[in-house]
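Enquirer: Before I ask anything, let me first share the structure, which is written out below as structure tokens.
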Amino acid sequence: MAKQTIQVMQLISSLEVGGAEKLLLDLLDEKQKNASVTFTVVVMNQAVNPELKARLQQLNCRVYFLNRPEGHLHWKYLQALLRVVSEQGIDIIHSHNSGSKWWAILCRLWKPSLKLVFTVHDTAPIRQNVFLTLLQRLFLDRYIAVSKSVERLCREEGFVPVTQVYNGIDLSRYRNTRRNSMLERVKAAPFHRDPLRIVQIGRLYYPKKGQDILIRAIAQCKQKGMSVHATLMGGVYSYSEDSYQTLKRMVADFNLQDEIDFVVNQTHVSSVLNDADLFVLPSRYEGLGLVVLEAMAAGVPVIVSNIDGPAELVCHGQNGLVFQSGDVNSLVLAISHVYEYPENADLMVKNALDFVRKFDIAVMRQQYCDLYQKTLLKNTSPIASVLGEVSHGAIF
């Protein structure tokens, strides 16, 4: 018999400016409330953006901030987690990154009746040593893959059962009915008077997000006589500070101080998109690319690199343009196409607006709620399944 209300803990390591955090906040929004599931949110670490914290506290759910210093393993944090599990009658812990996944597993050691769900957000390699792989497969009940590419990776690595659920966005948050078409914009303010406004949004960590590729492309566009301006928007944290400094040096080395600016650790994505003529995602790898959907919903033409996740969203020449990952010349050609053929950009925007409707956050939330119900009703223990494989030598 199905439980009337499922108590789900959403467990995340930090609340910084990033895709996973943004996704979680939209999921918890009161407008999408589902009576069958009640959420409790636990943020493990001290890394908390004040604006995101304020938004989270305004939502109708219980919220706990454990203020754990990153990397700190004191047992009091496990005690705090177990206290929340007990007080709120948690049935399922849904973790969203590697660190929170291991804390969830520790909770299950103390309370075996807990069910554990883990979202895999990226196509970065997820290989671990044999012991950690076995431990993960012993205790996790289900994996959620944010794209077909991520699902394929999970299956290849033996992380099953896995369910593919596309990330969603709150479409109403990005809809801009006052936006002019690109053709109208160019007629009113040609690019030689008002530069083509390009925006890139993502953590300022170029080994993944590829901002260095965009900077080099802007330099080439300038050399070709194109009038362009780029805004690089994203979070800067301890692990990405060196990357950020490298990007600023690149801007100076190419003498692009007038063509490129940075917006750091801000959350006003929709207003930045509203001011943009073009969105570029130059990433080297992505699980999906949530911000691509946000740009589409805002009516901004999109250019993405031809990597797995974004390739599931953008069909070249139909709802956006695709360039060869890491190839600066290929990106310059794509930018030049939008610059020279604004009417084509308008057609791609129209198709993108039709396409993005199926990614509304309400669709994702219902899929999550159905998955929680299915997971709670599942009687088979992952421990029993994996031990069976071990006895037959399958896991090794």
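What follows draws every value from the coordinates through simple rules; no lab data is involved. From a predicted model like this one, the values you see are computed outputs, not experimental measurements. Here the Cβ is made from the backbone with ideal geometry for all residues, glycine too, and neighbour counts use every protein chain on show.
Enquirer: If Lys and Arg each add +1 and Asp and Glu each add -1, what is the summed charge of the other residues whose beta carbon sits under 12 Å from the beta carbon of residue 162?
Expert: +1
Enquirer: Evaluate the distance, in nm, between pseudo-label points positioned 7 Å from the Cα of residue 378 and of residue 53 along their respective Cα→Cβ axes.
Expert: For residue 378 paired with residue 53, the spin-label model returns 3.5 nm.
Enquirer: Set the Förster distance to 51 Å, then compute FRET efficiency between residue 66 and residue 193 from the Cβ-Cβ distance, nearest 0.05.
Expert: Once the sixth-power term is evaluated, E becomes 0.45.
Enquirer: First check a/c for region 18-151, with a ≥ b ≥ c the square roots of the eigenvalues of its C-alpha gyration tensor; if it is under 1.5, answer rounded, and if not, answer prolate when a/b is larger than b/c or oblate otherwise.
Expert: rounded
Enquirer: Can I ask one more? Can you return the lysines within cross-link range of residue 101? Criterion is Cα-Cα under 19 Å, with same-chain partners fewer than 8 residues away left out.
Expert: In chain and number order, the partners are 22, 76, 111, 115.
Enquirer: Return 83, 142 ranked ascending by Cβ neighbour count within 10 Å, so the fewest neighbours appear first.
Expert: Result, fewest neighbours first: 83, 142.
Enquirer: Now for a different question. With +1 on the Cβ of every Lys and Arg and -1 on the Cβ of every Asp and Glu, and nothing else charged, how large is the dipole of region 49-178 about its Cα centre, in debye rounded to the nearest 20?
Expert: 200
Enquirer: Work out the count of Lys pairs in region 172-358 where the Cα-Cα distance is under 30 Å, with the pair 8 or more places apart or on different chains.
Expert: Lysine pairs meeting the criterion: 18.
Enquirer: Now for a separate question. What distance in nm separates the simple spin-label points at residue 131 and residue 176, each placed 7 Å from Cα in the Cβ direction?
Expert: 5.2
Enquirer: Out of the trypsin sites (Lys or Arg not before Pro) in region 156-203, which ones are loop residues according to DSSP with at most 10 other C-beta atoms within 10 Å?
Expert: Sites meeting the loop and neighbour criteria: 178, 193.
Enquirer: Please state the charge dipole magnitude for the chain, taken about the Cα centre, from unit charges on C-beta atoms (+1 on K and R, -1 on D and E), reported in debye and rounded to the nearest 20.
Expert: Computed about the Cα centre, the dipole is about 980 debye.
Enquirer: Sticking with this structure for a sec: Using 1/(1 + (r/R0)^6) with R0 = 45 angstrom and r between the beta carbons of residue 262 and residue 4, what's the FRET efficiency to the nearest 0.05?
Expert: Efficiency at R0 = 45 Å is approximately 0.35.
Enquirer: Sticking with this structure for a sec: Between residue 111 and residue 306, 0.36 nm times their residue separation minus their Cα-Cα distance comes to what?
Expert: Here the segment from residue 111 to residue 306 would lengthen by 65.8 nm.
Enquirer: Report the gain in length on full extension from residue 249 to residue 358: 0.36 nm times residue separation, minus Cα-Cα distance, nm rounded to one decimal.
Expert: Separation in residues times 0.36 nm, less the Cα-Cα distance, equals 35.2 nm.
Enquirer: Something else now. For the residues 375, 119, what sequence is obtained by ranking on other C-beta atoms within 10 Å, fewest first?
Expert: With the sparsest Cβ surroundings first, the list reads 375, 119.
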